[in-house]
Structure formats: structure tokens, C-alpha cells
Amino acid sequence: GGAVARRLTQAKDEFEARVGRRLEIVGVAVRDTSKDRSDTGLDASLFTTDAEELVTRADLVIELMGGIDPAKSLLQKAIESGASVVTANKALLGQHGAELYELAEEHGADLYYEAAVAGAIPLIRPLRESLAGDSVQRVMGIVNGTTNFILSAMDETGADYADTLAEAGRLGYAEADPTADVEGYDAAAKAAILASIAFHTRVTAADVHREGISSVTSADLIAAKKFDCTIKLLSICERVRDANGAQRISARVYPALIPLTHPLATVNGAFNAVVVEAENAGRLMFYGQGAGGDPTASAVLGDIVAVARTRVTGGRGPGESAYADLPVLSIGQAI
Ligand code: HSE
């Protein structure tokens, strides 16, 4: 949030030129107004603890608080009050995306969330817009920076799991409760979001088979090396066809052995990488910083410009689509 506010204040003129109208921050909801936030460049009078009231008087509400409650009710209230919404909240969309997409549709609002998956990497928009004329078969990759940071450090230096996790927290990669990262909940929510867009089907985090990295040890990484492999937490979303050609979806997250020659094996630290396979486009690879304040702010700011542009010109940006409504396989049926 701080990084977004700073950039919006510092680059006011550039944003005005890109959007076609001046963007004005009308308020910032915080838990504690007494905290020093002078680094954001915002006037102290803009800070409020009354988020409920604030979301009713903005054209565009940016939600970067995370968690399910009160983020969900605030976004609902914002949309019902006529605002469009930009959010980075993967947990919320992975669980309650359908409700929010439908509400946005009903109210003619935009709901953008590029920052919810893979930090700075443009992935939602390519899937939703650039590949809208293709048929995506698979979306597979590393979508959690914290676990990749931990596994890379354990692999490269034999670093201790707990120390590396604490460092990921200090660097702003890990969630407030890092269980979401290390147990794969964060990656599963992101997989649900990706599968929903890629396959035009509502997939929730509960549909995604999930295993985390908390039981991966340095000995496992040493053993993997003996087979010219490394271990990465992978998110895999696939379109699967049975013998009769009927289509299903499989979405799963687990630590996997990756051959050292595979491009994903070279993705280290908090970087993310996602391979998308589509019928006509073939294989595409997306790579970049998957966590951290500034990279995530880049994706949020891109959404702000996109949504603000549609507010200025009228109409709506591309919304969600779930027309395919494919069944989701359980892990036992998938592999
Ligand atoms: N905790 C998340 C991660 C932040 O480590 O990837 C970015 O979504």
C-alpha cells in the first residue's frame, strides 16, 4: 500500500497523462492513524480508520489489506456504492471470487487483480485478454515467492528452514501468517484464480489439491541433486481429456522434483515463473519478481490505470467468464 501511494503521489502528472484525468487519493483506511506515514507523501488528514465510510465515496477502491474479513464486505460495499475495484487479495478471490465477480457484473463495475498472482508478472491480463482467442491447455509454474526463496536458499547454501522463513518475512515476501505460504494455501489460491481464468470455469482454492514444503528437508534437496534435480513448489492447472474426449480440470500444488535442465529449475529467490501452454500459441513463459512491495505495486498501479481509463471513457473492461463450467478432478482421478 505504501509503495502504491508513494508512486501515485510522486508521478501525478504521468498518471494524469496516461489516464486522461487527474487521479486524486480521497482517503486511506488504516488500522492506526497515529503511525508515521510521512514517507508516502500523503497529507495526514487523508488517513482514516473508517474504511466502511471511505469505500462509499470513491470511484476506485484499492484493497491491499489482505485476508477475508473485512476485505470481502468492504469490496462488496464499494461495488454496491458504484466503485470499481483493484485488489491483490488472492486468498479472498481464491475462496469467494465468484461472488465478487458476479456482484461486479451486476453493478457494471471493473474488478482487476493482476497483483494477486505472481507479483509484478503480467499473467492475469495475458490469460484473460491476449489469449482470449486461444484454448489454454496448461498453466504450470512457481507462484509463491516465499517458498521458492526458502527452497533456493536451502539448496544453494544449506541454509536453515526457520532462519530463511524469518528472512522472507523481513523482506516482505511472506504473508502475515506464513503458514499460508509454507503449507501451500497461498499457491493453491493462486492456482484457483489461474485455472478459473484459463479454463472459463469457477475453481476455488478448496478444489485445488495442496501440499506445502514444511516437511522438505536439506537431505531431500541433497538427494534430489544426486538425480540432477532440484525441488520446487509447483502449481499445476491442466485441461484433461478422458478416453471419450470429455474435458475436465486438474489443479494441484505440491513440491516436485525438477530436472536441473528444466527452465523452472533456474528460478531462484523470490522470483516466480509460469509456463502457459495454449493450443495455437504453443508454450509461453512468464518470469519475474513474484513478491515484495515495489514489484507488487507495479501490478496494482497497472490495474489502477486500466480501471481509471475505463471510468474516464465509459463502459467496462473485460470481466470474468465461467461459461465452460468444467468439472474439477480430485487428485486421485488426476494422476
Ligand atoms: N506471500 C506471497 C509470496 C506474496 O510469497 O509469493 C506474493 O503473493
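The test for being surrounded by 17 or more Cβ atoms within 10 Å (Cβ to Cβ), of a type in the set (Val, Ile, Thr) and away from the ligand (no atom under 16 Å from the Cβ) does not hold for residue 86. Is it the case that segment 174-185 has a residue that's within 28 Å of residue 135 (Cβ to Cβ) and polar (S, T, N, Q)? Within segment 174-185 (the criterion being within 28 Å of residue 135 (Cβ to Cβ) and polar (S, T, N, Q)), the answer is no, since none of the residues qualifies.
Here is a yes/no grid of residues against (1) within 12 Å of the ligand (Cβ to nearest atom); (2) within 20 Å of residue 254 (Cα to Cα); (3) at pLDDT 95 or above:
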residue: 117; (1), (2), (3): yes, yes, yes
residue: 125; (1), (2), (3): no, no, yes
residue: 146; (1), (2), (3): yes, yes, yes
residue: 149; (1), (2), (3): yes, yes, yes
residue: 163; (1), (2), (3): no, no, no
residue: 174; (1), (2), (3): yes, yes, no
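Inside segment 11-70, can you point out the residues that are among the basic types (Lys, Arg) and under 16 Å from residue 297 (Cβ atoms)? Break it down into steps so the answer makes sense when it comes.
Residues of segment 11-70 among the basic types (Lys, Arg): 12, 18, 21-22, 31, 35, 37, 57.
Scanning segment 11-70 gives 12, 18, 37.
When 109, 120, 115 are checked against the criterion of being under 19 Å from residue 293 (Cα atoms) and crowded, with 24+ Cβ neighbours inside 10 Å, a single residue qualifies: 115. If the condition is being assigned to a loop (DSSP other than H, G, I, E, B), within 25 Å of residue 305 (Cβ to Cβ) and free of Cβ contacts under 8 Å to residues at least 12 places away in the same chain, then segment 15-58 contributes 22, 24, 43.
For segment 40-59, what are the residues that are under 19 Å from residue 108 (Cβ atoms) and open to solvent by less than 40 Å² (accessible area, probe 1.4 Å)?
55, 58
The values are calculated or read from the model by the stated rules, or taken from the named source; none is laboratory data. Keep in mind the model is a prediction, meaning the values are calculated, not measured. Using ideal geometry, Cβ is built from the backbone for each residue, glycine included, and neighbour counts are taken over all protein chains shown. Remember, those area values only see protein heavy atoms, side chains included, never the ligands or the DNA or RNA. Shrake-Rupley method; radii C 1.70, N 1.55, O 1.52, S 1.80 Å.
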